[in-house]
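See below for the structure under consideration.
What follows is calculated from the coordinates using simple rules that are stated; it is not laboratory data. Since we're looking at a predicted model, the values are computed, not measured. We place every Cβ from the backbone using ideal geometry, glycine too, and count neighbours over all the protein chains shown.
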Amino acid sequence: MFITKRRLSRRTVLRGMGATVALPLLDAMVPAMTVLAQTAAKPVTRFGAVYVPNGVIPSQWFPSSEGTGFEFTPTLKPLEPFRDRLLVLSGLDSVPPPPPGERQFNNHADASTRFLTDTTPSRAVRAGISVDQLVAKAQGQDTALPSLEIALESVDSGATCDFGRSCVYTGTISWAGPESPLPMEQSPSAAFERLFGDSGSTDAAARRSRLVDRNSMLDSLLGEVASLRSRVSAADRTKIAGYLESIRDVERRIARAIAHNADVPVVNRPADSPESFAEHAKLMFDLQLLAYQGDVTRVTTFMIGREFSGRTYPEIGVPDAHHPISHHRRDPVRMEKCAKINHYHMQLFSYFIDKMQQTPDGDGSLLDHVVVLYGAGMSEGNGHIPLNLPILLVGGGNGVIKGGRHLKAPAGTPLANLHVSLLNKLGVPTERHGNSTGAFNID
């Protein structure tokens, strides 16, 4: 049995030239007079939301059986190694009441907007506060960033996209308030700067210049790192080294992408993103991982694609634009192509889940201490169907989420009922959200 005094604050950061790096949870951050043999440093709970556009092929997504014995369908197959941390949900609806004086809308603007707000978009830019921002309001004061919002595709927020609705609605899933949509950052270097930069400059060219400089920003921290290592245990030194190397790896990958794209015209993607869609997605997932690991923020939202996405996927044998073939008209060939896209997105998501499972955090892994909501705002793109949405919860949530199950909600259950339940489990007392009629019991 060992008794220790606190040697490091949980909010310890390393500061260098143009860099501020928070540390992962270390044994040296255990409160004073803690019995090490019995109590590890207490982890915090993180929340993430990952959005996929244009619906799915339901027959390839939903298991036919409920409970703990559910089978893994073709789309969900990449998550099979994480069965015990997976909660498959079905039967949740997002049927919006029509705005005053207007007809019912079941379209792309509704899908992305209602995913976390359960509020119907109006012709004026107005919705409701989203689940992620409610969590950020409760936890954001404890972190450098209240939340991080990122995406793989941009959208012109000044244009009209869907039935007279602003493109704002299809370009974000995160709302700080009814009239405050949060922009999604597509640039890896800008997201990196938000997490670790301390330059005071928002100039994109200056940011890219720093990232392609032959020295890593971490080089300016070498003195502080050496001093820190002399004060902590061997286990903590290993943890610090792995974390900083992960940051350096992300930094190198961004720098390589910038160098590669320097003289190449880039269409519909940031000039500092990798040429490959998969590498761009993995880079953005890794940035979220680092954000969680260093407790820079506990709340992230990530749009793998925006509604109306016309991205093509020749790398998986789908040269067709995503949105047009999501209107597959029951054509088996087009449906198979859509299912391939859904499966591909899930493969990339499983990369993130696997890395969280491998990342130590307190007495377990990051996956044990996170809740990630993954899904789409419509079940099937062919008819913009807002019933029986494809929704997953992944992670243990510090013991509040019991995985390994497929739960089917009673007929007519609003998606917002899940929001209510989830917010309460995340420590945000909530009786009502959006169009909720109660709480959907996921215990």
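Here each label is just a point 7 Å from Cα along the line to Cβ, and for residue 256 and residue 333 those points are 3.7 nm apart. Note that the range 113-126 has calculated 3J(HN,Hα) couplings of 5, 7, 3, 10, 10, 6, 10, 6, x, 10, 5, 6, 6, 7 Hz, one per residue in order, obtained from phi through the Karplus relation 6.51 cos²θ - 1.76 cosθ + 1.60 (θ = phi - 60°); glycine and proline are x. Rounded to the nearest 20, the size of the Cβ-charge dipole of the range 230-344 about its Cα centre is 240 debye, with Lys and Arg at +1 and Asp and Glu at -1. Taking 0.36 nm per residue of separation and subtracting the current Cα-Cα distance, fully stretching the chain between residue 59 and residue 443 would add 135.7 nm. Close amide H partners of residue 379, meaning residues 5 or more places away or on another chain with modelled amide H under 5 Å apart, are 385, 387.
Once backbone amide H atoms are built at 1.01 Å from N, residue 175 has 130, 133, 182 as its partners under 5 Å, excluding neighbours fewer than 5 places away on the same chain.
Counting Lys +1, Arg +1, Asp -1, Glu -1, what net charge surrounds residue 184 among other residues with beta carbon under 10 Å of its beta carbon?
Value of the local net charge: -2.
Summing Lys, Arg as +1 and Asp, Glu as -1, what charge do residues with Cβ under 15 Å from the Cβ of residue 419 carry, residue 419 excluded? Spelling it out: positives minus negatives among the neighbours equals 0. For residue 22, nonlocal amide neighbours, meaning residues 5 or more places apart or on other chains whose placed amide H falls under 5 Å from its own, are 14.
Which net charge results for the neighbourhood of residue 320, defined as the other residues with beta-carbon distances under 14 angstrom from its beta-carbon, given Lys and Arg at +1 and Asp and Glu at -1?
+2
Cβ-to-Cβ counts within 10 Å put 217, 378, 335 in ascending order as 335, 217, 378, the fewest first. Multiplying the residue separation of residue 411 and residue 80 by 0.36 nm and subtracting their alpha-carbon distance yields 116.4 nm.
Considering only 44, 327, 150, whose Cα is most displaced toward the positive end of the charge dipole of the chain, charges sitting on Cβ of Lys, Arg (+1) and Asp, Glu (-1)? Of the listed residues, the answer is 44. In order along the range 397-406, the Karplus-derived 3J(HN,Hα) couplings, from 6.51 cos²θ - 1.76 cosθ + 1.60 at θ = phi - 60°, round to x, 6, x, 8, 10, 9, x, x, 9, 10 Hz, and Gly and Pro are given as x.
At residue 180 and residue 123, where each label point lies 7 Å from the Cα along Cα→Cβ, what is the point-to-point distance in nanometres? So the two model labels end up 2.7 nm from each other.
Excluding residues on the same chain fewer than 8 positions from residue 425, give the aspartates and glutamates whose Cα lies under 17 Å from its Cα. The qualifying aspartates and glutamates are 132, 368, 443. The aspartates and glutamates within cross-link reach of residue 337, meaning a Cα-to-Cα straight distance under 19 Å and a gap of 8 or more places when in the same chain, are 307, 315, 320, 380.
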